[in-house]
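Participant: Here's a structure for you.
The values are calculated or read from the model by the stated rules, or taken from the named source; none is laboratory data. All figures in this text were calculated on a predicted structure; none of them were measured in a lab. All Cβ positions, glycine included, derive from the backbone under ideal geometry; neighbour counts span all protein chains shown. Areas reflect the complete protein model, heavy atoms only, side chains present, ligands, DNA and RNA absent. Shrake-Rupley method; radii C 1.70, N 1.55, O 1.52, S 1.80 Å.
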Amino acid sequence: FNLADCGDNCNDIEQYNTQFKNSWNTVRSVINQLEKDKIHLFSESGFELEKLLVLLADKYRQDVQFPMDKNTTSTKAFLRSYYSDSVVYMHRNLNVKSNDLGNFSRVDFNHITPTQKTIELTSKRSFRSAGVYALPGTAFQVTRTDSSDVTTKVFVNTQRSGSTHEFENNGYSRPKFLQSQHISIQPGETLTLTNPYGGPVQIEFSSNDVNVSFEFNNIGLHPYWNGAEDNQSFSEALDSDQFDWAELVTPGFEVHSQSSKMRDSMNNEHWGSAKDLADATMTYVHNYPHVLAGFQGPSIDVVPEIHDFAQEHNFTIDNIDMVKHMNADQATCGYGCSGNPYDAYWSFNPVGHGDIHELGHGLEKGRFRFSAWEGHASTNPYSYYTKTQFYKNTGNAPECQKLPFDDMYQTLLDSKATDDPFAFMQAANLTGWSSGIGIYIQMMMAAQNQGTLQDGWHLLARLHIYEREFNRAVKNEDTWLEKRDDFGMGMLDVDQAKSLNNNDWLAVAISWVAQLDYRKFLTLWGLEYSAHVSSQL
(Lines give C-alpha, C1' and ligand atoms only; values in the text may rest on other atoms or scores of the structure.)
Protein backbone atom coordinates (compact mmCIF):
# COMPACT_ATOMS: atom_id res chain seq x y z
CA PHE A 1 0.00 0.00 0.00
CA ASN A 2 0.99 3.62 -0.46
CA LEU A 3 0.85 6.16 2.38
CA ALA A 4 -0.05 8.87 -0.10
CA ASP A 5 -3.46 7.21 -0.39
CA CYS A 6 -4.16 7.85 3.30
CA GLY A 7 -6.36 10.70 4.49
CA ASP A 8 -6.27 11.84 8.10
CA ASN A 9 -5.27 8.25 8.84
CA CYS A 10 -4.90 4.98 6.92
CA ASN A 11 -7.65 3.01 8.62
CA ASP A 12 -9.71 2.70 5.44
CA ILE A 13 -6.87 0.96 3.60
CA GLU A 14 -7.23 -2.79 4.14
CA GLN A 15 -3.56 -3.56 3.50
CA TYR A 16 -2.49 -0.98 6.11
CA ASN A 17 -4.54 -2.80 8.74
CA THR A 18 -3.55 -6.34 7.75
CA GLN A 19 0.13 -5.66 7.00
CA PHE A 20 0.90 -3.17 9.76
CA LYS A 21 -1.70 -1.76 12.16
CA ASN A 22 -3.15 -4.97 13.60
CA SER A 23 0.26 -6.38 14.50
CA TRP A 24 1.49 -2.95 15.60
CA ASN A 25 -1.39 -2.66 18.07
CA THR A 26 -0.63 -6.10 19.46
CA VAL A 27 3.04 -5.29 19.96
CA ARG A 28 2.22 -1.97 21.62
CA SER A 29 -0.20 -3.68 24.00
CA VAL A 30 2.30 -6.38 25.00
CA ILE A 31 5.24 -4.02 25.49
CA ASN A 32 3.21 -1.40 27.35
CA GLN A 33 1.86 -4.02 29.74
CA LEU A 34 5.38 -5.25 30.51
CA GLU A 35 6.34 -1.64 31.23
CA LYS A 36 3.39 -1.15 33.58
CA ASP A 37 4.26 -4.44 35.30
CA LYS A 38 7.77 -3.08 35.88
CA ILE A 39 9.52 -6.00 34.21
CA HIS A 40 13.23 -5.18 33.99
CA LEU A 41 13.16 -6.75 30.55
CA PHE A 42 16.85 -7.15 29.74
CA SER A 43 17.74 -8.39 33.23
CA GLU A 44 15.18 -11.21 33.06
CA SER A 45 15.55 -14.60 31.45
CA GLY A 46 13.11 -15.42 28.71
CA PHE A 47 11.09 -12.76 26.88
CA GLU A 48 13.21 -13.36 23.78
CA LEU A 49 10.57 -12.15 21.32
CA GLU A 50 9.73 -9.09 23.43
CA LYS A 51 13.42 -8.17 23.72
CA LEU A 52 13.85 -8.42 19.96
CA LEU A 53 10.74 -6.27 19.36
CA VAL A 54 12.16 -3.56 21.64
CA LEU A 55 15.61 -3.76 20.07
CA LEU A 56 14.05 -3.53 16.61
CA ALA A 57 12.45 -0.23 17.66
CA ASP A 58 15.83 0.95 18.96
CA LYS A 59 17.40 0.06 15.62
CA TYR A 60 14.74 1.81 13.54
CA ARG A 61 14.94 4.88 15.77
CA GLN A 62 18.53 5.47 14.67
CA ASP A 63 17.47 6.06 11.06
CA VAL A 64 14.62 8.48 11.70
CA GLN A 65 14.80 11.88 10.07
CA PHE A 66 12.11 14.46 10.78
CA PRO A 67 9.99 15.92 9.31
CA MET A 68 8.37 13.26 7.18
CA ASP A 69 5.53 13.63 4.72
CA LYS A 70 3.19 10.80 3.75
CA ASN A 71 3.39 11.96 0.11
CA THR A 72 7.17 12.04 -0.21
CA THR A 73 8.59 9.74 2.47
CA SER A 74 8.85 6.06 1.59
CA THR A 75 6.14 3.97 3.20
CA LYS A 76 8.66 1.67 4.91
CA ALA A 77 10.71 4.54 6.37
CA PHE A 78 7.57 6.22 7.66
CA LEU A 79 6.19 3.06 9.26
CA ARG A 80 9.54 2.05 10.77
CA SER A 81 9.56 5.39 12.55
CA TYR A 82 5.93 4.89 13.59
CA TYR A 83 6.82 1.49 15.00
CA SER A 84 9.80 2.84 16.93
CA ASP A 85 7.63 5.64 18.35
CA SER A 86 5.19 3.23 19.88
CA VAL A 87 7.66 0.70 21.28
CA VAL A 88 9.47 2.79 23.87
CA TYR A 89 10.68 0.71 26.81
CA MET A 90 12.07 2.57 29.84
CA HIS A 91 12.55 -0.22 32.39
CA ARG A 92 16.20 -0.92 31.56
CA ASN A 93 19.68 0.44 32.22
CA LEU A 94 20.68 1.06 28.61
CA ASN A 95 18.57 2.82 26.01
CA VAL A 96 20.02 4.38 22.88
CA LYS A 97 18.79 7.93 22.44
CA SER A 98 16.92 8.84 19.30
CA ASN A 99 18.93 10.13 16.37
CA ASP A 100 16.43 12.92 15.62
CA LEU A 101 13.68 14.45 17.79
CA GLY A 102 12.39 16.90 15.21
CA ASN A 103 10.75 19.99 16.68
CA PHE A 104 10.33 18.39 20.12
CA SER A 105 13.87 18.89 21.32
CA ARG A 106 17.54 18.86 20.51
CA VAL A 107 19.24 15.45 20.82
CA ASP A 108 22.69 16.45 22.08
CA PHE A 109 22.84 17.21 25.82
CA ASN A 110 26.60 16.87 26.22
CA HIS A 111 26.61 20.39 27.68
CA ILE A 112 24.56 19.13 30.65
CA THR A 113 26.21 17.44 33.64
CA PRO A 114 23.70 15.03 35.17
CA THR A 115 22.94 15.79 38.80
CA GLN A 116 20.62 14.78 41.64
CA LYS A 117 17.63 16.46 43.27
CA THR A 118 15.42 15.68 46.24
CA ILE A 119 11.85 16.91 45.87
CA GLU A 120 8.93 17.18 48.24
CA LEU A 121 5.39 17.51 46.90
CA THR A 122 1.88 17.71 48.22
CA SER A 123 -0.16 15.28 46.16
CA LYS A 124 -2.86 16.67 43.85
CA ARG A 125 -4.89 14.85 41.24
CA SER A 126 -4.11 14.08 38.56
CA PHE A 127 -0.40 14.85 38.37
CA ARG A 128 2.28 17.42 39.13
CA SER A 129 5.65 18.24 37.63
CA ALA A 130 8.66 16.81 39.45
CA GLY A 131 10.90 19.66 38.32
CA VAL A 132 13.57 17.40 36.83
CA TYR A 133 14.44 16.43 33.25
CA ALA A 134 15.12 12.93 31.94
CA LEU A 135 18.05 13.26 29.55
CA PRO A 136 17.52 11.27 26.33
CA GLY A 137 19.17 7.86 26.43
CA THR A 138 20.54 8.44 29.95
CA ALA A 139 19.46 6.14 32.77
CA PHE A 140 18.09 7.94 35.83
CA GLN A 141 17.09 6.64 39.23
CA VAL A 142 14.12 7.71 41.30
CA THR A 143 13.55 6.60 44.89
CA ARG A 144 10.38 7.29 46.79
CA THR A 145 11.48 8.33 50.27
CA ASP A 146 8.14 8.85 52.06
CA SER A 147 5.80 6.29 53.60
CA SER A 148 2.47 8.00 52.88
CA ASP A 149 -0.65 6.12 51.86
CA VAL A 150 -1.03 7.38 48.30
CA THR A 151 -0.39 5.72 44.93
CA THR A 152 2.25 7.52 42.89
CA LYS A 153 3.36 6.92 39.30
CA VAL A 154 6.30 8.34 37.36
CA PHE A 155 6.12 9.32 33.71
CA VAL A 156 7.99 11.46 31.19
CA ASN A 157 6.38 14.25 29.12
CA THR A 158 2.82 15.55 29.02
CA GLN A 159 2.05 15.63 25.28
CA ARG A 160 -1.02 13.90 23.88
CA SER A 161 -0.25 11.65 20.94
CA GLY A 162 -2.82 13.53 18.85
CA SER A 163 -0.73 16.69 19.00
CA THR A 164 1.61 15.14 16.41
CA HIS A 165 -0.27 15.21 13.10
CA GLU A 166 1.69 12.60 11.22
CA PHE A 167 -0.63 12.39 8.21
CA GLU A 168 -0.69 16.11 7.47
CA ASN A 169 1.75 17.72 5.06
CA ASN A 170 5.15 17.45 6.78
CA GLY A 171 3.13 16.86 9.95
CA TYR A 172 5.25 13.96 11.12
CA SER A 173 7.65 16.47 12.60
CA ARG A 174 8.59 14.69 15.85
CA PRO A 175 7.97 11.39 17.68
CA LYS A 176 4.25 10.77 18.11
CA PHE A 177 4.10 8.95 21.45
CA LEU A 178 6.19 11.33 23.55
CA GLN A 179 4.34 10.75 26.82
CA SER A 180 5.67 7.58 28.39
CA GLN A 181 3.85 4.87 30.29
CA HIS A 182 2.92 5.78 33.88
CA ILE A 183 4.97 3.51 36.16
CA SER A 184 3.97 3.02 39.79
CA ILE A 185 6.55 3.52 42.53
CA GLN A 186 6.02 2.37 46.10
CA PRO A 187 7.41 3.90 49.32
CA GLY A 188 11.05 2.87 49.61
CA GLU A 189 11.24 1.60 46.03
CA THR A 190 13.92 2.65 43.52
CA LEU A 191 13.29 2.63 39.77
CA THR A 192 15.95 2.83 37.08
CA LEU A 193 14.48 4.21 33.88
CA THR A 194 15.69 5.43 30.50
CA ASN A 195 13.86 7.26 27.77
CA PRO A 196 15.10 7.74 24.18
CA TYR A 197 13.41 11.14 23.87
CA GLY A 198 13.92 12.61 27.33
CA GLY A 199 11.74 15.33 28.76
CA PRO A 200 10.26 16.78 31.97
CA VAL A 201 9.36 14.14 34.57
CA GLN A 202 5.87 14.07 36.13
CA ILE A 203 4.32 12.39 39.17
CA GLU A 204 0.74 11.09 39.09
CA PHE A 205 -1.27 10.82 42.33
CA SER A 206 -4.33 8.83 43.38
CA SER A 207 -5.50 11.33 46.04
CA ASN A 208 -4.95 14.84 47.34
CA ASP A 209 -3.08 16.56 50.16
CA VAL A 210 -0.57 13.87 51.07
CA ASN A 211 3.09 14.76 51.58
CA VAL A 212 5.42 12.74 49.37
CA SER A 213 9.12 12.91 48.61
CA PHE A 214 11.45 11.53 45.95
CA GLU A 215 15.17 11.44 45.30
CA PHE A 216 16.24 11.69 41.65
CA ASN A 217 19.72 10.85 40.42
CA ASN A 218 21.40 11.38 37.04
CA ILE A 219 18.86 13.91 35.77
CA GLY A 220 19.01 17.38 34.21
CA LEU A 221 17.61 20.58 35.69
CA HIS A 222 15.63 22.46 33.07
CA PRO A 223 14.03 25.92 33.58
CA TYR A 224 11.53 25.26 36.37
CA TRP A 225 9.67 27.75 38.56
CA ASN A 226 7.94 26.70 41.77
CA GLY A 227 8.16 29.82 43.93
CA ALA A 228 9.61 33.33 44.20
CA GLU A 229 12.97 31.86 45.23
CA ASP A 230 13.24 30.50 41.65
CA ASN A 231 12.82 33.90 39.96
CA GLN A 232 16.48 34.49 39.15
CA SER A 233 17.46 30.90 38.39
CA PHE A 234 14.41 30.45 36.17
CA SER A 235 15.16 33.58 34.18
CA GLU A 236 18.84 32.67 33.84
CA ALA A 237 18.02 29.12 32.79
CA LEU A 238 15.65 30.39 30.08
CA ASP A 239 18.27 32.81 28.81
CA SER A 240 20.98 30.14 28.73
CA ASP A 241 18.91 28.06 26.27
CA GLN A 242 20.28 24.69 27.41
CA PHE A 243 16.90 22.93 27.30
CA ASP A 244 13.98 23.15 24.88
CA TRP A 245 11.31 22.79 27.59
CA ALA A 246 10.42 24.90 30.62
CA GLU A 247 7.77 24.58 33.33
CA LEU A 248 6.02 27.08 35.55
CA VAL A 249 3.96 25.51 38.31
CA THR A 250 1.45 26.96 40.76
CA PRO A 251 -0.78 25.21 43.33
CA GLY A 252 -3.69 25.07 40.87
CA PHE A 253 -2.22 25.25 37.36
CA GLU A 254 0.97 24.18 35.62
CA VAL A 255 2.42 25.34 32.31
CA HIS A 256 4.55 22.88 30.33
CA SER A 257 6.02 24.95 27.55
CA GLN A 258 8.54 24.96 24.78
CA SER A 259 11.29 27.23 26.07
CA SER A 260 10.84 29.71 23.22
CA LYS A 261 7.15 30.04 24.04
CA MET A 262 7.89 30.43 27.75
CA ARG A 263 10.22 33.31 26.90
CA ASP A 264 7.32 34.91 25.02
CA SER A 265 5.10 34.46 28.09
CA MET A 266 7.73 36.06 30.30
CA ASN A 267 8.15 38.98 27.91
CA ASN A 268 4.48 39.97 28.17
CA GLU A 269 4.31 43.61 29.25
CA HIS A 270 1.93 42.82 32.11
CA TRP A 271 4.23 40.41 33.97
CA GLY A 272 7.54 41.67 35.27
CA SER A 273 8.80 38.38 36.67
CA ALA A 274 8.00 34.70 36.85
CA LYS A 275 6.32 35.33 40.19
CA ASP A 276 4.06 37.95 38.59
CA LEU A 277 3.20 35.45 35.85
CA ALA A 278 2.49 32.73 38.43
CA ASP A 279 0.36 35.04 40.59
CA ALA A 280 -1.63 36.06 37.52
CA THR A 281 -2.06 32.40 36.61
CA MET A 282 -3.58 31.61 40.00
CA THR A 283 -5.82 34.69 39.86
CA TYR A 284 -7.03 34.65 36.26
CA VAL A 285 -6.75 31.01 35.20
CA HIS A 286 -7.45 29.20 38.46
CA ASN A 287 -9.61 31.55 40.54
CA TYR A 288 -12.00 33.54 38.36
CA PRO A 289 -13.08 30.82 35.89
CA HIS A 290 -13.92 28.50 38.79
CA VAL A 291 -15.77 31.27 40.61
CA LEU A 292 -17.93 31.67 37.50
CA ALA A 293 -18.41 27.90 37.27
CA GLY A 294 -19.87 27.89 40.80
CA PHE A 295 -17.10 25.95 42.53
CA GLN A 296 -15.40 26.36 45.86
CA GLY A 297 -11.93 25.14 46.78
CA PRO A 298 -8.36 26.22 47.53
CA SER A 299 -7.61 29.76 46.28
CA ILE A 300 -11.14 30.23 44.86
CA ASP A 301 -12.90 33.37 46.08
CA VAL A 302 -16.02 33.06 48.21
CA VAL A 303 -18.50 35.52 46.66
CA PRO A 304 -21.42 36.26 49.01
CA GLU A 305 -24.15 36.63 46.40
CA ILE A 306 -23.18 33.26 44.95
CA HIS A 307 -22.74 31.38 48.21
CA ASP A 308 -25.68 33.04 49.98
CA PHE A 309 -27.95 31.99 47.11
CA ALA A 310 -26.80 28.38 47.50
CA GLN A 311 -27.30 28.44 51.25
CA GLU A 312 -30.78 29.97 50.93
CA HIS A 313 -31.93 27.10 48.69
CA ASN A 314 -30.02 24.28 50.40
CA PHE A 315 -27.74 23.81 47.41
CA THR A 316 -24.31 22.23 47.77
CA ILE A 317 -21.41 24.14 46.25
CA ASP A 318 -19.16 21.47 44.76
CA ASN A 319 -15.49 21.49 45.69
CA ILE A 320 -12.80 21.44 43.02
CA ASP A 321 -9.28 20.61 44.14
CA MET A 322 -7.03 19.49 41.31
CA VAL A 323 -4.18 20.76 39.19
CA LYS A 324 -4.95 21.75 35.62
CA HIS A 325 -2.31 21.92 32.91
CA MET A 326 -1.41 23.54 29.62
CA ASN A 327 1.06 22.33 26.97
CA ALA A 328 2.37 25.36 25.07
CA ASP A 329 3.48 23.28 22.14
CA GLN A 330 1.27 21.90 19.37
CA ALA A 331 -2.50 21.55 19.45
CA THR A 332 -4.27 18.23 19.15
CA CYS A 333 -7.10 19.98 17.26
CA GLY A 334 -7.36 23.40 15.64
CA TYR A 335 -5.00 26.04 16.98
CA GLY A 336 -5.83 25.09 20.57
CA CYS A 337 -7.54 22.00 21.95
CA SER A 338 -9.29 21.48 25.28
CA GLY A 339 -8.45 18.84 27.86
CA ASN A 340 -6.22 18.48 30.88
CA PRO A 341 -3.68 19.31 29.72
CA TYR A 342 -5.15 21.46 26.98
CA ASP A 343 -2.62 22.09 24.26
CA ALA A 344 -2.05 24.98 21.86
CA TYR A 345 0.35 26.44 19.35
CA TRP A 346 0.40 29.79 21.18
CA SER A 347 2.44 30.97 24.16
CA PHE A 348 0.67 30.88 27.50
CA ASN A 349 -1.00 34.09 28.70
CA PRO A 350 -3.07 34.12 31.92
CA VAL A 351 -5.52 36.59 30.38
CA GLY A 352 -5.28 35.31 26.83
CA HIS A 353 -8.62 34.46 25.27
CA GLY A 354 -7.41 31.14 23.90
CA ASP A 355 -6.16 29.91 27.26
CA ILE A 356 -9.38 30.60 29.17
CA HIS A 357 -11.44 29.48 26.17
CA GLU A 358 -9.85 26.01 26.24
CA LEU A 359 -10.19 25.90 30.03
CA GLY A 360 -13.83 26.92 29.54
CA HIS A 361 -14.50 23.78 27.50
CA GLY A 362 -13.96 21.83 30.71
CA LEU A 363 -16.42 24.02 32.64
CA GLU A 364 -19.28 24.70 30.21
CA LYS A 365 -22.56 22.79 30.18
CA GLY A 366 -24.49 21.83 27.06
CA ARG A 367 -27.72 22.39 29.00
CA PHE A 368 -26.90 26.11 29.08
CA ARG A 369 -27.41 26.41 25.32
CA PHE A 370 -30.84 27.16 23.91
CA SER A 371 -32.19 25.03 21.09
CA ALA A 372 -29.95 24.89 17.98
CA TRP A 373 -27.28 27.12 19.52
CA GLU A 374 -23.75 26.44 18.31
CA GLY A 375 -21.44 24.70 20.79
CA HIS A 376 -19.12 27.61 21.52
CA ALA A 377 -22.04 29.74 22.71
CA SER A 378 -21.41 28.41 26.23
CA THR A 379 -17.60 28.38 26.13
CA ASN A 380 -16.49 31.99 26.27
CA PRO A 381 -18.12 33.56 29.37
CA TYR A 382 -15.21 32.34 31.51
CA SER A 383 -12.74 34.17 29.28
CA TYR A 384 -14.80 37.36 29.20
CA TYR A 385 -15.31 37.32 32.97
CA THR A 386 -11.57 36.85 33.56
CA LYS A 387 -10.86 39.79 31.26
CA THR A 388 -13.35 42.05 33.04
CA GLN A 389 -11.72 41.23 36.37
CA PHE A 390 -8.27 41.91 34.91
CA TYR A 391 -9.48 45.33 33.80
CA LYS A 392 -11.04 46.06 37.20
CA ASN A 393 -7.89 44.96 39.04
CA THR A 394 -5.28 46.66 36.85
CA GLY A 395 -6.95 49.29 34.67
CA ASN A 396 -5.31 47.60 31.67
CA ALA A 397 -7.63 46.87 28.77
CA PRO A 398 -7.35 43.23 27.67
CA GLU A 399 -7.69 42.11 24.08
CA CYS A 400 -11.36 41.28 23.60
CA GLN A 401 -13.47 39.66 20.91
CA LYS A 402 -15.99 41.87 19.16
CA LEU A 403 -19.55 40.66 19.65
CA PRO A 404 -22.38 41.61 17.24
CA PHE A 405 -24.45 43.68 19.66
CA ASP A 406 -25.20 46.37 17.08
CA ASP A 407 -26.38 43.84 14.50
CA MET A 408 -28.46 42.01 17.10
CA TYR A 409 -30.11 45.26 18.18
CA GLN A 410 -30.92 46.11 14.59
CA THR A 411 -32.50 42.68 14.17
CA LEU A 412 -34.73 43.41 17.16
CA LEU A 413 -35.75 46.77 15.66
CA ASP A 414 -36.50 45.11 12.33
CA SER A 415 -38.69 42.53 14.06
CA LYS A 416 -40.85 45.28 15.56
CA ALA A 417 -41.73 46.50 12.07
CA THR A 418 -43.34 43.15 11.18
CA ASP A 419 -46.73 41.66 11.95
CA ASP A 420 -45.15 38.75 13.82
CA PRO A 421 -41.94 39.81 15.61
CA PHE A 422 -41.53 36.41 17.28
CA ALA A 423 -41.59 34.55 13.96
CA PHE A 424 -39.21 37.12 12.49
CA MET A 425 -36.72 36.57 15.32
CA GLN A 426 -36.94 32.81 14.98
CA ALA A 427 -36.29 33.10 11.25
CA ALA A 428 -33.31 35.40 11.96
CA ASN A 429 -31.59 32.26 13.28
CA LEU A 430 -29.41 33.91 15.95
CA THR A 431 -27.91 30.55 16.90
CA GLY A 432 -24.21 31.22 16.30
CA TRP A 433 -21.84 31.29 19.23
CA SER A 434 -21.41 35.07 19.17
CA SER A 435 -25.16 35.73 19.20
CA GLY A 436 -25.65 33.18 21.96
CA ILE A 437 -23.10 34.72 24.30
CA GLY A 438 -24.45 38.15 23.34
CA ILE A 439 -27.91 37.15 24.55
CA TYR A 440 -26.46 35.74 27.77
CA ILE A 441 -24.56 38.95 28.46
CA GLN A 442 -27.79 40.89 27.95
CA MET A 443 -29.47 38.63 30.51
CA MET A 444 -26.63 39.21 32.96
CA MET A 445 -26.69 42.97 32.43
CA ALA A 446 -30.46 43.01 32.96
CA ALA A 447 -30.09 41.27 36.34
CA GLN A 448 -27.43 43.75 37.39
CA ASN A 449 -29.46 46.70 36.09
CA GLN A 450 -32.55 45.54 37.98
CA GLY A 451 -30.51 45.15 41.16
CA THR A 452 -31.16 41.46 41.77
CA LEU A 453 -27.44 40.83 41.28
CA GLN A 454 -24.61 43.16 42.22
CA ASP A 455 -22.53 41.61 39.42
CA GLY A 456 -24.53 40.19 36.53
CA TRP A 457 -21.81 37.67 35.71
CA HIS A 458 -22.77 35.78 38.87
CA LEU A 459 -25.96 34.64 37.14
CA LEU A 460 -23.83 31.99 35.47
CA ALA A 461 -22.18 30.90 38.73
CA ARG A 462 -25.61 30.45 40.32
CA LEU A 463 -26.79 28.58 37.22
CA HIS A 464 -23.91 26.11 37.54
CA ILE A 465 -24.72 25.42 41.20
CA TYR A 466 -28.43 25.08 40.33
CA GLU A 467 -27.68 22.63 37.51
CA ARG A 468 -25.48 20.35 39.58
CA GLU A 469 -28.01 20.27 42.42
CA PHE A 470 -30.84 19.62 39.95
CA ASN A 471 -28.96 16.63 38.50
CA ARG A 472 -28.63 15.15 41.98
CA ALA A 473 -32.26 15.79 42.90
CA VAL A 474 -33.87 14.12 39.87
CA LYS A 475 -32.06 10.84 40.52
CA ASN A 476 -34.61 9.98 43.21
CA GLU A 477 -38.33 10.76 43.24
CA ASP A 478 -38.49 11.33 47.00
CA THR A 479 -35.53 13.70 46.86
CA TRP A 480 -37.17 15.58 44.02
CA LEU A 481 -40.48 16.00 45.85
CA GLU A 482 -38.59 17.27 48.88
CA LYS A 483 -36.42 19.76 46.96
CA ARG A 484 -38.39 20.83 43.88
CA ASP A 485 -39.57 24.10 45.45
CA ASP A 486 -35.90 25.08 45.84
CA PHE A 487 -35.65 24.96 42.04
CA GLY A 488 -38.82 26.96 41.38
CA MET A 489 -40.33 23.80 39.87
CA GLY A 490 -43.01 22.97 42.44
CA MET A 491 -45.57 22.15 39.72
CA LEU A 492 -43.38 19.49 38.07
CA ASP A 493 -43.11 15.82 39.05
CA VAL A 494 -39.74 14.10 38.68
CA ASP A 495 -40.49 12.69 35.21
CA GLN A 496 -41.57 16.10 33.93
CA ALA A 497 -38.42 17.66 35.38
CA LYS A 498 -36.21 15.04 33.73
CA SER A 499 -37.91 15.52 30.35
CA LEU A 500 -37.53 19.31 30.16
CA ASN A 501 -35.83 20.38 26.97
CA ASN A 502 -33.06 22.98 27.15
CA ASN A 503 -35.34 25.94 26.42
CA ASP A 504 -37.87 25.02 29.09
CA TRP A 505 -35.21 24.18 31.66
CA LEU A 506 -33.33 27.42 31.02
CA ALA A 507 -36.49 29.55 31.10
CA VAL A 508 -37.12 28.42 34.67
CA ALA A 509 -33.52 28.15 35.82
CA ILE A 510 -32.35 31.56 34.60
CA SER A 511 -35.43 33.29 35.98
CA TRP A 512 -34.97 31.53 39.33
CA VAL A 513 -31.26 32.23 39.79
CA ALA A 514 -31.62 35.86 38.63
CA GLN A 515 -34.87 36.41 40.59
CA LEU A 516 -36.49 37.93 37.49
CA ASP A 517 -39.20 36.76 35.09
CA TYR A 518 -37.42 36.35 31.75
CA ARG A 519 -40.44 35.22 29.68
CA LYS A 520 -40.87 38.45 27.74
CA PHE A 521 -37.11 38.73 27.30
CA LEU A 522 -36.92 35.24 25.78
CA THR A 523 -39.92 35.90 23.54
CA LEU A 524 -38.24 39.11 22.37
CA TRP A 525 -35.30 37.03 21.08
CA GLY A 526 -37.46 34.36 19.48
CA LEU A 527 -36.66 31.73 22.12
CA GLU A 528 -39.60 29.40 22.58
CA TYR A 529 -40.75 27.75 25.82
CA SER A 530 -43.81 25.67 26.65
CA ALA A 531 -47.11 26.89 28.10
CA HIS A 532 -46.60 24.51 31.04
CA VAL A 533 -43.28 26.15 31.92
CA SER A 534 -44.84 29.58 31.45
CA SER A 535 -47.49 28.62 34.04
CA GLN A 536 -44.75 27.49 36.43
CA LEU A 537 -42.99 30.81 36.02
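Participant: Mind jotting down the distance between the C-alpha centroids of the range 285-323 and the range 334-413, whole Å?
Facilitator: If we compute the Cα centre of each part, the gap is 20 Å.
Participant: Here's another thing I want to ask about it. Out of the total accessible area of the chain (probe 1.4 Å, heavy atoms of protein only), what percent is carbon and sulfur?
Facilitator: Whole-percent figure for carbon plus sulfur exposure: 45.
Participant: Moving on to the next point. Binning every alpha carbon pair distance of the chain at 20 Å from zero, what are the percents per bin?
Facilitator: With a bin width of 20 Å, the distribution comes to 19, 44, 31, 6, 0.
Participant: Tell me what the chain gives for mean residue ellipticity at 222 nm when only DSSP H runs of n ≥ 4 count, each as -39,500 (n - 2.57), the sum divided by the residue total, rounded to 500 deg cm²/dmol.
Facilitator: -10500 deg cm²/dmol
Participant: Considering the chain, which cysteines have no disulfide-compatible partner, defined as another cysteine with its Cβ under 4.7 Å away?
Facilitator: So far as the 4.7 Å Cβ criterion goes, C400 stand without a partner in the chain.
Participant: Between Q515 and Q311, with labels modelled 7 Å along Cα→Cβ, what's the label distance in nm to one decimal, could you check?
Facilitator: A separation of 1.5 nm, rounded to one decimal place.
Participant: Which chymotrypsin sites (Phe, Trp or Tyr not before Pro) in the range 414-472 pass both tests, a DSSP loop state and at most 16 other beta-carbon atoms within 10 Å?
Facilitator: none
Participant: Over the range 187-268, with the other protein chains present, what is the accessible area per residue in square angstrom, probe 1.4 angstrom?
Facilitator: 34 Å²
Participant: Then there is this: With every protein chain in place, what's the accessible area of L55 (1.4 Å probe, Å², nearest 10)?
Facilitator: 80 Å²
Participant: I'd like to compare 265-276, 339-350, 382-393: which one has the highest average count of other Cβ atoms within 10 Å, and what's the full order after that?
Facilitator: By packing density, highest mean first, the sequence is 339-350, 382-393, 265-276.
Participant: Moving on. Need the C-alpha centroid separation for the range 75-139 versus the range 216-241, integer Å.
Facilitator: Taking the Cα centre of each part, the range 75-139 and the range 216-241 sit 18 Å apart.
Participant: Given a cut-off of 19 Å, name the pairs among K124/K387; K38/K153; K416/K520 whose C-alpha atoms lie farther apart than that in the structure shown.
Facilitator: Pairs exceeding 19 Å: K124/K387.
Participant: While we're here: Go through S180, S299 and list them by solvent-accessible area, largest first, probe radius 1.4 Å.
Facilitator: Descending accessible area places them as S299, S180.
Participant: Could you tally the net charge around R263, taking each other residue with its Cβ under 11 Å from the Cβ of R263, Lys/Arg +1 and Asp/Glu -1?
Facilitator: Every neighbour counted, the sum reads -2.
Participant: For K76, list the lysines whose Cα falls under 30 Å from its own Cα; do not include residues on the same chain fewer than 8 positions away.
Facilitator: Once the sequence-local lysines are set aside, what remains near K76 is K21, K36, K51, K59, K97, K176.
Participant: With contacts defined as alpha carbon pairs under 8 Å and 6 or more residues apart, what's the relative contact order of the range 219-272 in percent?
Facilitator: Relative contact order for the range 219-272 comes out at 29 percent.
Participant: Are there any GluC sites (Glu not before Pro) in the range 1-82 that are in a DSSP loop and have at most 14 other Cβ atoms within 10 Å? List them by number.
Facilitator: Passing both the DSSP loop test and the Cβ count: E44.
Participant: According to the Kirkwood expression over distinct Cα-Cα pairs, how big is the hydrodynamic radius of the range 1-138, in Å?
Facilitator: Result for the range 1-138 stands at 17.5 Å.
Participant: Provide the per residue accessible area, probe 1.4 Å, for the range 331-433, rounded to a whole number of square angstrom.
Facilitator: 47 Å²
Participant: Can you give the Kirkwood hydrodynamic radius for the range 288-342, in Å, rounded to one decimal and based on Cα pairs?
Facilitator: Over the range 288-342, the inverse of the mean reciprocal pair distance is 13.2 Å.
Participant: So which lysines can K392 reach, going by Cα to Cα under 30 Å and dropping same-chain residues fewer than 8 places off?
Facilitator: Cross-link targets: K261, K275, K324, K365, K402.
Participant: Tell me, what does the Kirkwood hydrodynamic radius of the range 337-410 come to in angstroms if you use every pair of distinct C-alpha atoms?
Facilitator: Here the Kirkwood hydrodynamic radius works out to 13.7 Å.
Participant: Please state the relative contact order of the range 403-537 as a whole percent: Cα pairs under 8 Å, 6+ residues apart?
Facilitator: Value for the range 403-537: 26 percent.
Participant: Another one. What accessible area per residue, rounded to a whole number of Å², is obtained for the range 486-536 using a probe radius of 1.4 Å?
Facilitator: 42 Å²
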